[in-house]
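The values are calculated or read from the model by the stated rules, or taken from the named source; none is laboratory data. Just so you know, these numbers come straight off a predicted model, no measurement behind them. Because the Cβ atoms are built from the backbone with ideal geometry, glycine has one as well, and the counts that use them run over all protein chains shown. Just so you know, the surface numbers come from the protein's heavy atoms only, side chains and all, with ligands and any DNA or RNA stripped out. Shrake-Rupley method; radii C 1.70, N 1.55, O 1.52, S 1.80 Å.
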Amino acid sequence: MRGRVAALVALVLLLAAAAALLAVELAKGGPGYGEGKVADPCEPRPPFPGSGFDATIQRVVLGGLDGAACELDTTREEFLLSFVPASGVEPIPWDEATRERALRAGMQRSVDDALERGDINRVEALLLSEAVARLPVDALLRGALDLKDAATETLGGEGLDGDPCQPVERPGGEGVGPAVQRIVQSALDGAACELGLTRRELMLSLMPGEQEGEPAWDPATIQRTVRSALRRSIDEAEERGSLPRRAAVILRGLADTVPLEALLDGGQRLRDALDGLF
Amino acid sequence: MDAVGATGEQAAVGRGRVLRWLLAAALATAVSVAFADSSIVVLALPDLYVAFRTSIQGIAWVITGYNVVVAVVAIALVPLVSRVSLVWLTRAGIVLFLGASIGCALAGDLTTLIAVRLVQGLGAALFLAGSLPLLGSLLGSRGRGTATWLLAGTLGAALGPALGGVLTELFDWRAIFVAQAPVAGLALLGTLGAHGASLAGERHEGRLRETGWGNLGLFFVFGALVGALFLGVVLVITVWGYSPIAGAGIVSALPAATILVRPIASRLWPAACAAGGAVLLAAGLAALALLPAASPVYAALALALCGAGLGLAVPPFSASATTERAGLVRSATFSIGVRHLGLVLALALLAPLLSHDLDAAGQRASLTATAVVLDGELPLTKKIPLALDMRGLFDAAQQGEVPDLDAPFEAQGAATDERVAQVRDDLTGTIEASITRGFRWSFLVSALLALLAAPVALGLLRRREER
């Protein structure tokens, strides 16, 4: 009988141990483990940490994805994977055009927010807006790397902080548009080099209210230097035969009159204007 | 002189008894192996999958096929076992089992392996049915033989995955079957020592229906064991990525607990023992369902509860299912069929449930993995190549498997860059968590099966009162 009672006590202890294990698991969050909740894109979340251009780009892209997902009432992750064929995730109920529009709008809002917060200056905002508006959507989704690439391409091999006096191999491309882009890039490099500025400093100095600290040069000197560099670049391009004569004539006229701020997007407005003519 | 003769005679009797005990041990070991075969290849499934380049469904038949044949043949044998020579039935079964074990070890393709496993199941059903009275004959008492047979069956069921895991890791999946051949050979020798053991024409006063409560309990308990023996093992090996031998170490908590609770089981009232065991088994499975982390400690504790539940619930249910009144051999054969039927039906119930849940878990893992990569504190130059490489790895991973993330993260400097290593660890953790959660409902259904055995235990109380 004593053995039977001892066995019964042992059974009760085992049952108590089982209850204790379950209690510990519940207390440690067992029911929620693996739930895989993703954040609500409409709720503000801590910004992506870090400084520098890379972190800025990531903040802009992540904010853009949040904005688009919030607008379409889905999650950032579902929205992103909806562009990936055979991702294995349930598709969201929006057609491709709607998703693309939401993505571009979300990213543009994110750029504006970043500018407002002071994360980026107007030069960077302009470049990013350009990329957001023009890059194919798959390039945007391939991870913003292309945003960075696009900005780098516009500014030269090493981006904003590269040495403008070092010659840069710029990607080719036929036609007036790419030629104008190369002319503008080369002119900005030439002017920056001549003034002893980095590209970033030169571009900031072209934007009223964006200078960091005391300007090294007065605005008139900068204007003169940039326009002069622009004319030199146009002459060189015409000599190389990469720019038709008629286009060179028009560009020279524009070089003396166009607001220099218009050069900051890689001469896109000039390119657009000339593309219509040639 | 008479005294010397008597002493010599005693010595001869003693030697004979030792020999019979050894033969009984060989036969009991074979009984254990035949029960273990229900789950012994679970830890070898990933190796088989790779070796035969087949589907999960295809490879699952290596387990299911064996259990289906044992269940069907055992139940079909019930009306026949009292009319045939059990010695020859056992020998025929062992020869089939032995030949099929060698055939499994030599199988060159999946179809052959499954076909030979079916033959192995046939052999197992025949010799399991006949071996109970033979053990009684070798051990000199039917009661002792029955107790040994039941113990061998319980331990075999509990030990299967751990045994298979060790053999697979040390040698190869084929070693699982190679190792069974000599065990079967020794068991064949064991049948030679059993004389007059044929119970053909055994008399039974009661009906098989009287064993209903015990068999119903065994049906639920063995059904629930699918959760611990199959799903638990797959979780530890396939999802958490432990090697078969490390997995066997975790899973061995189950048979260890089964053995440890034997003194309790032998002293408790059968109904209390069975009910308590069923509740413990259910609690262990619920603990597996509610794991708060991919932790071997939690898993081992939960499996230990399952093992304790098995060790407490199976003996009283088995004793109730295997009675002299209903015909010892006949009722034992029926209970073999019922146990395996429980396994088969639970497999049929849980496999599609798990498959469905793992699909959902895979989707959840994709979303959480995407979140981890997006939020990972890495520069874009590392993040984008990782994201692109990972898509390929997700595509290549099998259902329920955590993709091997080491190579792409190593390529991005995980060995030297803490941030890269951190993202890799976060990613592995989040995928493991999602897929572990995918097992939850299957474990909970298994726990429900175990819980259903608890009220059935009250039937044992009723049987006791009737007697």
Residue pairs qualifying under the 7 Å Cβ cut-off, at least six apart or on distinct chains, with the first in region B:292-303 being free of Cβ contacts under 8 Å to residues at least 40 places away in the same chain and the second being open to solvent by 20 Å² or more (accessible area, probe 1.4 Å) and of a type in the set (D, E, K, R), are B:Pro292/A:Lys28
Reported set for region B:126-165 where residues are under 27 Å from B:Asp47 (Cα atoms) and of a type in the set (A, V, I, L, M, F, W, C) is B:Leu155, B:Ala157, B:Ala158, B:Leu159, B:Ala162, B:Leu163
Scanning region A:20-30 for residues that are open to solvent by 60 Å² or more (accessible area, probe 1.4 Å) and either more than 7 Å from chain B (Cβ to nearest Cβ) or over 16 Å from B:Leu301 (Cα atoms) (or both) gives A:Val24, A:Ala27
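Within region A:49-58, is there a residue that is farther than 20 Å from B:Arg419 by Cβ, buried (at least 20 other Cβ atoms within 10 Å of the Cβ) and either under 22 Å from the mean Cα position of the chain (by Cα) or among the polar types (S, T, N, Q) (or both)? Write out each step before concluding.
Step one: filter region A:49-58 for residues farther than 20 Å from B:Arg419 by Cβ, giving none.
Among the residues of region A:49-58, not one is farther than 20 Å from B:Arg419 by Cβ, buried (at least 20 other Cβ atoms within 10 Å of the Cβ) and either under 22 Å from the mean Cα position of the chain (by Cα) or among the polar types (S, T, N, Q) (or both), which makes the answer no.
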Only one of B:Ala304, B:Ala289, B:Ala293, B:Ala275 is open to solvent by less than 20 Å² (accessible area, probe 1.4 Å) and either among the hydroxyl-bearing types (Ser, Thr, Tyr) or within 10 Å of another protein chain (Cβ to nearest Cβ) (or both), namely B:Ala289
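State which residue is farthest from the other protein chains (Cβ to nearest Cβ) when the search covers only region B:307-317 and only residues that are aliphatic (A, V, I, L, M) and within 16 Å of the chain's Cα centre (by Cα). Spell out how you get there, then give the answer.
Our first condition is that a residue be aliphatic (A, V, I, L, M); within region B:307-317, this holds for B:308, B:310, B:312-314.
From what is left, the residues that are within 16 Å of the chain's Cα centre (by Cα) are B:308, B:310, B:313-314.
On the way: B:Ala308: 6, B:Leu310: 12, B:Ala313: 11, B:Val314: 15 Å.
Only one residue tops the list, namely B:Val314.
Which of the helices (runs of 4 or more DSSP H) found entirely inside region B:261-369 contain at least 1 residues meeting this: more than 30 Å from A:Leu80 (Cβ to Cβ) and among the hydroxyl-bearing types (Ser, Thr, Tyr)? Outline the logic, then answer.
Details: elements: B:262-267, B:270-289, B:296-321.
So the answer is B:262-267, B:296-321.
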When restricted to A:Val60, A:Val38, the only residue at the interface with chain B (Cβ under 10 Å from one of its Cβ atoms), touching a helix residue (DSSP H, G or I) at 6+ places or on another chain (Cβ under 7 Å) and either among the β-branched types (Val, Ile, Thr) or farther than 21 Å from B:Ala286 by Cβ (or both) is A:Val38
Pairing a residue in region B:245-271 that is over 14 Å from B:Ala313 (Cα atoms) with any residue that is among the charged types (D, E, K, R) and part of a helix (DSSP H, G or I), where Cβ atoms lie under 6 Å and the two sit 6 or more apart in sequence or on different chains, gives B:Ile245/B:Glu169
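Conditions tested, residue by residue: (1) open to solvent by 50 Å² or more (accessible area, probe 1.4 Å); (2) at pLDDT 70 or above; (3) under 18 Å from A:Leu126 (Cα atoms); (4) of a type in the set (D, E, K, R).
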residue	(1), (2), (3), (4)
A:Ala179	no, yes, no, no
A:Ile183	no, yes, no, no
A:Ser186	no, yes, no, no
A:Leu195	no, yes, no, no
A:Pro208	yes, no, yes, no
A:Gln211	yes, no, yes, no
A:Pro215	yes, no, no, no
The residue that is surrounded by the fewest Cβ atoms within 10 Å (Cβ to Cβ), considering only those in region B:367-378 that are facing chain A (nearest Cβ under 7 Å) and closer than 11 Å to A:Val38 by Cα, is B:Ala371
